[in-house]
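Student: This is the structure, below, for whatever I ask next.
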Amino acid sequence: MTTIILKPHKEESLKRFHPWVFSGAIARVVLDAAHEASAPQEGELVRVESSNGDILGVGHWQIGSIAVRILEFGVADLPQDYWHQRIRAAYRVRLSLGLLNSNNNTFRLIHGEGDFVPGLIIDVYADTAVIQAHSVGIHYCREAIAEAVVAEVPQVKNVYYKSDDTLPFKADISGMKVGYLVESGKPKVESEEFWSKENGLEFRIDWLRGQKTGFFIDQRENRALVERYASGKEVLNMFCYTGGFSLYALRGGAKHVDSVDVSQKAIDLVNANVAHNFPKATNHTSVCADAFEYLSAQKTAGRTFDLIILDPPAFAKHRDAVKNALRGYQRINAKAIEMIRPGGVLFTFSCSQAVDKEAFRLAVFSAAASVGRKVRILHQLHQPQDHPINIYHPEGEYLKGLVLYIE
Ligand code: SAH
């Protein structure tokens with residue numbers, strides 16, 4: 001195995017279990033005698049040592065500023081049953097959280113660094129697990145991961161691999177393709193019969209054509225909170241995607257729900273989900289439109305709402321986009337606050353990892369101040385328990401939300 005030797009004192013963060021080795025921390029790379037190439041290859045398993053020869057751990061080599069993502073600390077090699085161990089441990093956590101019951105079979109099984117497996121996301125929808133690799137190393141392990149998931153998680157009968165938009169340097173990876181790694185004969189997403197349950201509501205989840213792994217499980221708890229506020233309300237669900245918040249609002253007794261998304265595919269899914277769960281509902285409208293244009297048009301028409309949900313895509317995908325993102329959050333929140341009736345509520349979110357809690361709150365504060373309403377914070381929301389934050393890797397905190405009462 002290739003050994004990566006760090007510069008003096010650069011082992012400190014690894015000793016505190018932070019899983020990333022930055023390229024600037026590396027003193028030397030020692031290839032083993034059998035190594036075919038003259039440098040480590042992206043995705044290969046490497047051993048990391050301190051300058052005085054202490055073994056720090058093993059991880060996947062990457063090209064870029066993060067050079068190694070550590071899979072296991074303090075060992076010279078991965079145990080034979082590594083994937084089984086990690087998936088078993090993660091599954092045990094989900095079981096203890098009560099996420100598998102007659103009302104719910106939708107959950108995140110592995111949340112990257114949050115489950116001590118950098119680069120790996122696994123979401124489970126009923127009997128199908130969807131694997132997403134965020135590193136080439138994980139891509140190479142996909143078959144072993146799929147085998148371990150089926151062995152360790154009894155409900156899983158199909159494993160779908162979907163990494164076409166998450167892998168760096170994907171052009172260089174031979175055999176990169178999306179598709180089933182494990183497949184049973186049961187109805188899957190292609191079938192009208194496939195539904196995945198979240199808190200008793202049933203969703204059609206399209207991992208083949210949908211965004212990310214097909215569904216945003218991370219809003220489960222926050223959707224349940226919307227349900228508690230929805231009774232008798234006129235609700236506007238902006239950036240609705242598959243209509244998660246809309247379904248909870250309908251179940252909570254909303255007077256009317258408007259769902260808005262710029263993607264027609266998303267709107268088709270919302271309509272299918274509403275029709276399946278509330279076949280008699282006449283109080284839901286879906287609109288395919290750009291959020292900013294839609295809000296402006298509604299304002300011109302003099303429309304107001306009791307409850308608005310703003311759950312936009314990450315406005316800042318990188319650190320250097322933060323300033324523009326904050327301006328975007330401020331603008332859209334100001335537009336929403338203006339349209340809330342006195343005594344109404346705004347659920348507002350940011351899933352940009354690069355925008356921290358304080359910065360997001362400041363953007364919403366500026367929005368409120370620019371509109372000049374009296375605004376109270378009722379709840380501060382975050383990602384749910386099946387998207388855990390590794391205590392040694394605070395960068396894993398990405399979803400934040402505020403529930404505001406607007407006088
Ligand atoms: N709230 C959703 C997840 C939202 S994901 C849930 O609970 O599942 C973000 C959504 O915003 C995506 O569906 C995307 O199509 C939509 N979107 C992106 N840009 C948009 C825009 N300018 N106007 C309206 N929708 C947009």
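Student: Report the residue count in region 170-185 for those that are at pLDDT 70 or above, over 18 Å from Gly210 (Cα atoms) and either in contact with a helix residue (DSSP H, G or I) (Cβ under 8 Å, 6 or more places away or on another chain) or loosely packed, with under 13 Cβ neighbours inside 10 Å (or both).
Tutor: Within region 170-185, the subset at pLDDT 70 or above is 177-185.
Still in the running and over 18 Å from Gly210 (Cα atoms): 181-185.
Still in the list and also either in contact with a helix residue (DSSP H, G or I) (Cβ under 8 Å, 6 or more places away or on another chain) or loosely packed, with under 13 Cβ neighbours inside 10 Å (or both): 181-182, 185.
Of the residues in that region, 3 qualify.
Student: I need every pair where a residue in region 215-228 that is of a type in the set (Gly, Ala, Ser) has its Cβ under 8 Å from the Cβ of a residue that is modelled with pLDDT of 95 or more and within 12 Å of the ligand (Cβ to nearest atom), sequence separation at least 6 or different chains.
Tutor: Matching pairs, first to second residue: Ala224/Tyr248.
Student: Would you point out which residue out of Pro118, Pro154 is modelled with pLDDT of 95 or more and out of contact with any Phe, Trp or Tyr (no Cβ under 8 Å at 6 or more places or on another chain)?
Tutor: Within the list Pro118, Pro154, the selection yields Pro154.
Student: While we're here: Restricting attention to region 387-394, does a residue exist that is of a type outside the set (Lys, Arg), under 25 Å from Val260 (Cα atoms) and in contact with a helix residue (DSSP H, G or I) (Cβ under 7 Å, 6 or more places away or on another chain)?
Tutor: We begin by selecting, within region 387-394, every residue of a type outside the set (Lys, Arg); these are 387-394.
Checking which are under 25 Å from Val260 (Cα atoms) leaves us with none.
Within region 387-394, none of the residues are of a type outside the set (Lys, Arg), under 25 Å from Val260 (Cα atoms) and in contact with a helix residue (DSSP H, G or I) (Cβ under 7 Å, 6 or more places away or on another chain).
Student: Quick check on Leu99: is it out of contact with any helix residue (DSSP H, G or I) (no Cβ under 8 Å at 6 or more places or on another chain) and open to solvent by less than 60 Å² (accessible area, probe 1.4 Å)?
Tutor: Details: out of contact with any helix residue (DSSP H, G or I) (no Cβ under 8 Å at 6 or more places or on another chain): yes; open to solvent by less than 60 Å² (accessible area, probe 1.4 Å): yes.
In short, yes.
Student: Please go through (1) open to solvent by less than 40 Å² (accessible area, probe 1.4 Å); (2) in a helix (DSSP H, G or I) for Phe347 and return the number of the only condition it doesn't satisfy.
Tutor: Failed condition: (2).
Student: Let me ask you something else. Considering each of Ala76, Ala89, Ala67 in turn, give the residue that is farther than 18 Å from Gly119 by Cβ and either of a type in the set (Gly, Ala, Ser) or in contact with a His (Cβ under 9 Å, 6 or more places away or on another chain) (or both). Reasoning before the result, please.
Tutor: Numbers: Ala89 fails: farther than 18 Å from Gly119 by Cβ; Ala67 fails: farther than 18 Å from Gly119 by Cβ.
Answer to the check: Ala76.
Student: Would you check if there is a residue in region 315-329 being open to solvent by less than 30 Å² (accessible area, probe 1.4 Å), under 24 Å from Lys400 (Cα atoms) and either basic (Lys, Arg) or part of a loop (DSSP other than H, G, I, E, B) (or both)?
Tutor: yes
Student: Can you find, within region 106-147, the residue that is surrounded by the fewest Cβ atoms within 10 Å (Cβ to Cβ) among those that are aliphatic (A, V, I, L, M) and assigned to a helix (DSSP H, G or I)?
Tutor: Residues of region 106-147 aliphatic (A, V, I, L, M): 109-110, 117, 120-122, 124, 126, 129-131, 133, 136, 138, 144-146.
This time we only want the ones that are assigned to a helix (DSSP H, G or I), so: 136, 138, 144-146.
Values: Val136: 25, Ile138: 25, Ala144: 13, Ile145: 26, Ala146: 22.
The qualifying residue surrounded by the fewest Cβ atoms within 10 Å (Cβ to Cβ) is Ala144.
Student: If you don't mind, there's one more thing I want to ask. What's the number of the only condition in (1) out of contact with any helix residue (DSSP H, G or I) (no Cβ under 6 Å at 6 or more places or on another chain); (2) within 14 Å of the ligand (Cβ to nearest atom); (3) assigned to a loop (DSSP other than H, G, I, E, B) that Ser352 fails to meet?
Tutor: (1)
Student: Within region 215-222, is even one residue within 14 Å of Leu269 (Cβ to Cβ) and within 16 Å of the chain's Cα centre (by Cα)? If you could, list the steps in order and put the result at the bottom.
Tutor: Initially, region 215-222 is screened for residues within 14 Å of Leu269 (Cβ to Cβ), giving 215-216.
Next, from what is left, pick out any that are within 16 Å of the chain's Cα centre (by Cα): 215-216.
For region 215-222, residues within 14 Å of Leu269 (Cβ to Cβ) and within 16 Å of the chain's Cα centre (by Cα): present.
Student: OK, next. Yes or no: region 249-256 includes at least one residue that is under 30 Å from Tyr180 (Cα atoms) and surrounded by fewer than 17 Cβ atoms within 10 Å (Cβ to Cβ).
Tutor: Of the residues in region 249-256, the ones under 30 Å from Tyr180 (Cα atoms) are none.
No, region 249-256 contains no residue that is under 30 Å from Tyr180 (Cα atoms) and surrounded by fewer than 17 Cβ atoms within 10 Å (Cβ to Cβ).
Student: Name the single residue, out of those in region 47-88 being β-branched (Val, Ile, Thr) and open to solvent by 30 Å² or more (accessible area, probe 1.4 Å), that is farthest from Val136 (Cα to Cα).
Tutor: Taking the candidates together, the pick is Ile55.
The values are calculated or read from the model by the stated rules, or taken from the named source; none is laboratory data. As the structure is a prediction and not an experimental result, all values here were calculated from the model. For neighbour counting, all protein chains shown are included, and Cβ atoms are generated from backbone atoms with ideal geometry for every residue, glycine included. Surface accessibility is based on the protein's heavy atoms, side chains included, excluding ligands, DNA and RNA. Shrake-Rupley method; radii C 1.70, N 1.55, O 1.52, S 1.80 Å.
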